[in-house]
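Just below is one structure, and these are the notes that go with it.
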Amino acid sequence: MGEETLVDDYRLIAPITLPGNGRAPGEAKTISETDEYDAYFRIEHEDDMSQGAWVHTVLTIAEKVRDDLPDTSLEDGEQAQILDGIAIILQHTLQQMAS
């Protein structure tokens, strides 16, 4: 086995992996296409991401965001908007798996 190199991440969030084009599989409305967005949120891209890997990523992010929301300073309405966004991507992911 190869030796793993530890990289100082400066206590930032761990990188996440998305499909190479940065979009959810299937037809989804494009909101942002900037490199700055990816760099800020530490998003990595993978050209041949499997459907299973995509589902894992969506579920992992949804769980982490849900767990963090109670400890934020966001108002209830703002938290509800974030949860609505999570519901949208979960619904989209399920629709893609069903088709």
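The values are calculated or read from the model by the stated rules, or taken from the named source; none is laboratory data. These numbers come from a predicted model, not from an experiment. Cβ placement follows ideal geometry from the backbone for every residue including glycine, while neighbour counts extend to all protein chains displayed. Accessible surface is based on the protein model in full, side chains and every heavy atom, while ligands, DNA and RNA are left aside. Shrake-Rupley method; radii C 1.70, N 1.55, O 1.52, S 1.80 Å.
State in Å² the accessible area per residue of the stretch 16-98; use a 1.4 Å probe, count heavy atoms of protein chains only, and round to the nearest integer. Please report the intermediate quantities before stating the final value.
Details: 6210 Å² over 83 residues.
In whole numbers, the stretch 16-98 has 75 Å² accessible per residue.
Arrange the peptides 67-78, 37-48, 16-27 so that the one whose residues have, on average, the most other Cβ atoms within 10 Å appears first. Write down the numbers at each step before the final one.
Details: 67-78: 9.8, 37-48: 11.3, 16-27: 14.2.
Ranked by mean Cβ neighbours within 10 Å, highest first: 16-27, 37-48, 67-78.
So if we plug the beta-carbon distance of E36 and A98 into 1/(1 + (r/R0)^6) with R0 = 35 Å, what FRET efficiency do we get, rounded to 0.05?
Numbers: r = 34 Å, r/R0 = 0.98.
Calculated value: 0.55.
What fraction of the Cα pairs in the stretch 16-98, stated in percent, has a spacing above 15 angstrom?
Numbers: 2143 of 3403 pairs.
Summing the P(r) tail past 15 Å for the stretch 16-98 gives 63 percent.
Any idea what the dipole of the stretch 16-98 comes to, in debye rounded to 20, about its Cα centre with Lys/Arg Cβ at +1 and Asp/Glu Cβ at -1? Walk me through the numbers on the way to the answer.
Numbers: 5 positive and 17 negative charges, 61 e Å.
Result for the stretch 16-98 is approximately 300 debye, rounded to the nearest 20.
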